[in-house]
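The values are calculated or read from the model by the stated rules, or taken from the named source; none is laboratory data. This one's a predicted model, so the numbers in the text were calculated from it and none came from an experiment. Using ideal geometry, Cβ is built from the backbone for each residue, glycine included, and neighbour counts are taken over all protein chains shown.
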Amino acid sequence: MNRIIKVARMQLINKATFIGIPLIILGGSFLFTLAIWWLVRRNGSDEGLYSGGAQAPMWYFLALGIQALTLTFPFSMAMSISRRTFYLGTVALFSVCALVLSVFYYLIGLLEVATGGWGMGGQFFALQWIADNNWLVQILFYFVLMVLLFMVGFLIATIYMRWRTTGMVVFFTLLGVVVLGIIALFTFGNYWDQFWSWALNWTAAGITLWGGLVALLMAGGSYLTLRKATA
Amino acid sequence: MPRTTAIATRELSKTYKDVRALDNVSLELEPDRIYGLLGRNGAGKTTLMSILTGQNYADQGTAEIFGHAPFEHDPTLSRICFIRESQKYPDDFKVHQAFKSAALFFENWDEELAQDLVEAFALPTRRRIKKLSRGQLSAVGVIIGMASRADITFFDEPYLGLDAVARQIFYDRLVEDFAEYPRTIVLSSHLIDEVANLLEHVIVIDKGRIVIDSDAEELRGTAVTVTGEDAKVQEFIGSAQIIHRDALGALASVTIKAKLDSEQREQAKLMGLDLSPVSLQQLVVRSALSSTTETGIDERTEARK
């Protein structure tokens, strides 16, 4: 247990990686959005303003998942840490970071609504489709999205660490074949209308549930892959 | 009661695609000694150390550290320190951050020693590791290895890029610290003459096989070079095992595996033959060469460079 916490502390030695950079990305995209809204309002538009800028730091987590592994994993081997301990410490740390950020999203969303969309009627954090849900679903929704993206990066990186270039070629070839197969199936079967009416009816809670399940599967997959990876 | 062995392997084998990196390696290393793991580039030194430290795993055979398999076993791993020659560090890490991290995980970490070595190697600790020169990068690994004071410490070609002064500092400090805090040290190297004086026990690996596993003192006496008139040399060495032969006209210089007693030495003198000791480096080079008969010629020229 003790060493798992030490892994988290090691990952935090450079605070920029897990805390600083996500906050800079979020702050930057928020300020840019405010500036754009202000310009739009000055031009006399009075329509509702929406922004997808809140997802900006989430994409960084994809890169973080890759980076936490490809660079820190070989170093953790030199620190005589088992793969299991490294995995648990890193995933636990990320989960805590994601949870804190998710709560922050929820709270600042409340502030956004209270200030009338930052005085400009804008929606950056409290997007209607998510903000309509109760607090738990909102927080979990953000949390699952963040963990999901981190896990995508993490899983791809573990496959690389274990099977190197061969692993990447096989993985992306298979992925391409599967995606192409599904598209072909839908196209020949004329399922596209059905698909879109099904996909557009997803709720935030539904995405949270299924996304969480996929994230769990990927977490298990990356753990099993990492168990025999080499630096 | 016999002392527990520090490292024990039994019939360890590892194959990468078509290369046999380790071939039936069985070893026993006692605690609190300095071992030299010698061999050419690609002989299997790093592979062996990776398996012993749980960073890699064998296809066959077993490896035990203090009686326990190291792979994924934290209590065993925490007693080991192994910084690779090509060690990767987190991209944004500065030198002092790597030390801070090592201090977290190595219980016996000695910060004072680390700072002392930083000064001795003139290492800029506020610099990013990826901006360091090859020598400075080696120094980071050396400092982590020394200051960790782990029960078993592996040094993987620790001198790469270090200048002669820095290398001497490393050797001196290692001996000094070892005297005060005895532990098992495995030093992998192909600069054999430079480390020869440090080593108490020598293990030579070639093409994944152990070709020498012997006490350093003992090893030095196991071979001798006989120089003189070809016919007389031939007569003198008799059926002794020849490690190497050089000939120039009627003169021959033959290295044989033999322990000569004083009577034999006297006899050689009477026959007008010169006897000279064989350095550890020569012995290792010859042993490595004699195990590769087909490509021996090419490699001999390479070994001389």
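So which residues in the range A:113-150 are assigned to a loop (DSSP other than H, G, I, E, B), small (Gly, Ala, Ser) and within 19 Å of the chain's Cα centre (by Cα)? Within the range A:113-150, A:126 is the sole residue that qualifies. Checking each residue in the range A:71-107 for being touching a strand residue (DSSP E or B) at 6+ places or on another chain (Cβ under 9 Å) and free of Cβ contacts under 8 Å to residues at least 24 places away in the same chain picks out only A:80.
Taking the numbered list (1) touching an Asp or Glu at 6+ places or on another chain (Cβ under 6 Å); (2) under 30 Å from residue B:40 (Cα atoms) in turn, residue B:250 passes all entries but (2). Of all the criteria given as (1) farther than 21 Å from residue B:207 by Cβ; (2) within 14 Å of chain A (Cβ to nearest Cβ); (3) assigned to a strand (DSSP E or B), the one not satisfied by residue B:55 is (3). Taken together, the criteria place residue A:166 among residues that are assigned to a helix (DSSP H, G or I), surrounded by fewer than 17 Cβ atoms within 10 Å (Cβ to Cβ), within 14 Å of chain B (Cβ to nearest Cβ) and not aromatic (Phe, Trp, Tyr). Within the range B:101-122, the set of residues being farther than 18 Å from residue A:9 by Cα, touching a residue at least 40 places away in the same chain (Cβ under 8 Å) and buried (at least 16 other Cβ atoms within 10 Å of the Cβ) comprises B:113, B:117, B:120, B:121. State which residue is nearest to the chain's Cα centre (by Cα) when the search covers only the range B:88-111 and only residues that are facing another protein chain (nearest Cβ under 8 Å) and among the acidic types (Asp, Glu). Among those residues, the one meeting the criterion is B:91. Filtering the range B:209-223 to residues that are of a type in the set (A, V, I, L, M) and touching a helix residue (DSSP H, G or I) at 6+ places or on another chain (Cβ under 9 Å) leaves B:211, B:212, B:216, B:219, B:223. Taking the stated definitions as given, is residue B:171 over 17 Å from residue B:36 (Cα atoms), surrounded by fewer than 22 Cβ atoms within 10 Å (Cβ to Cβ), among the aromatic types (Phe, Trp, Tyr) and not assigned by TED's automatic domain parsing to the domain that holds residue B:254? No. The residues in the range B:58-83 that are of a type in the set (D, E, K, R), in contact (Cβ under 8 Å) with a residue 12 or more places away in the chain and facing another protein chain (nearest Cβ under 7 Å) can be counted, and the count is 1.
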